[in-house]
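One structure is given below, encoded as structure tokens.
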Amino acid sequence: MDRQQIFDFVNRQYGTEPEYLWKKYPNYAVLRNSAGKWYGVVVDVPKNKLGLDGEETVDILDVKCDPLLIGSLCMQLGFLPAYHMNKENWIGIMLDGSVDDEQIKNLLDMSYNLTMPKLKRAVKQPKL
């Protein structure tokens, strides 16, 4: 998937439109869930800032992820520690075709759900 395909998918799936919050970084887009929490960030970053060879810019999608999956995902082609996000809870996905579209969609679903508010606990029972 590329940047535009991500935006089309999240619009159809969640009704999300990308938000461009920074004048200094006009291509950085934030994806918010219905509760207003970020569940994705699309950025363009020079490869050398990601620890990769080259200076050309690549698009990265950062999503919130189950911390138990992050280590194993980072061993796979196309996954990196999240760029400018908490690396224990977020992962970066290169949008260069190296990660399967369905896997990206599944990770977007996970991120959307992980960033939704938890249900309020049941009303406490009175102490006897």
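Structural remarks
- Residue selected from the stretch 8-38 under the condition among the hydroxyl-bearing types (Ser, Thr, Tyr) and in a loop (DSSP other than H, G, I, E, B), by the criterion farthest from Cys65 (Cα to Cα): Tyr25
- For the stretch 17-33, the set of residues classified as more than 17 Å from Tyr83 (Cβ to Cβ), at pLDDT below 95 and surrounded by 13 or more Cβ atoms within 10 Å (Cβ to Cβ) consists of Asn33 only.
- If you go through the stretch 34-84 and pick out every residue that is surrounded by fewer than 17 Cβ atoms within 10 Å (Cβ to Cβ), hydrophobic (A, V, I, L, M, F, W, C) and free of Cβ contacts under 8 Å to residues at least 40 places away in the same chain, you end up with 6.
- Looking at Leu73, Leu107, just one residue is within 25 Å of Pro26 (Cα to Cα) and either touching a helix residue (DSSP H, G or I) at 6+ places or on another chain (Cβ under 6 Å) or outside any strand (DSSP E or B) (or both), and that residue is Leu107.
- Residue within the stretch 105-115 that is touching a residue at least 12 places away in the same chain (Cβ under 8 Å), surrounded by 11 or more Cβ atoms within 10 Å (Cβ to Cβ) and more than 22 Å from Phe7 (Cα to Cα) present: no
- The single condition among (1) over 9 Å from the mean Cα position of the chain (by Cα); (2) over 16 Å from Val43 (Cβ atoms); (3) not aliphatic (A, V, I, L, M) that Gly78 does not meet is (2).
- Scanning the stretch 111-128 for residues that are at pLDDT 85 or above and either part of a loop (DSSP other than H, G, I, E, B) or in contact with a strand residue (DSSP E or B) (Cβ under 7 Å, 6 or more places away or on another chain) (or both) yields Ser111, Tyr112, Leu114, Thr115, Met116, Pro117.
- From Asp59, Asp96, residue being within 14 Å of Met1 (Cβ to Cβ), outside any helix (DSSP H, G or I) and either in contact with a Leu (Cβ under 6 Å, 6 or more places away or on another chain) or aliphatic (A, V, I, L, M) (or both): Asp59
- Among the residues of the stretch 1-16, those identified as at pLDDT 95 or above and among the hydrophobic types (A, V, I, L, M, F, W, C) are Ile6, Phe7, Phe9, Val10.
- Within the stretch 43-75, considering residues that are under 20 Å from Tyr112 (Cβ atoms) and not aliphatic (A, V, I, L, M), the one nearest to the chain's Cα centre (by Cα): Asp62
- Residue, farthest from Glu102 (Cα to Cα), within the stretch 15-39, restricted to residues that are touching a Phe, Trp or Tyr at 6+ places or on another chain (Cβ under 6 Å) and aromatic (Phe, Trp, Tyr): Trp22
The values are calculated or read from the model by the stated rules, or taken from the named source; none is laboratory data. This one's a predicted model, so the numbers in the text were calculated from it and none came from an experiment. Counting neighbours? That spans all protein chains shown, and the Cβs are built from the backbone with ideal geometry, glycine included.
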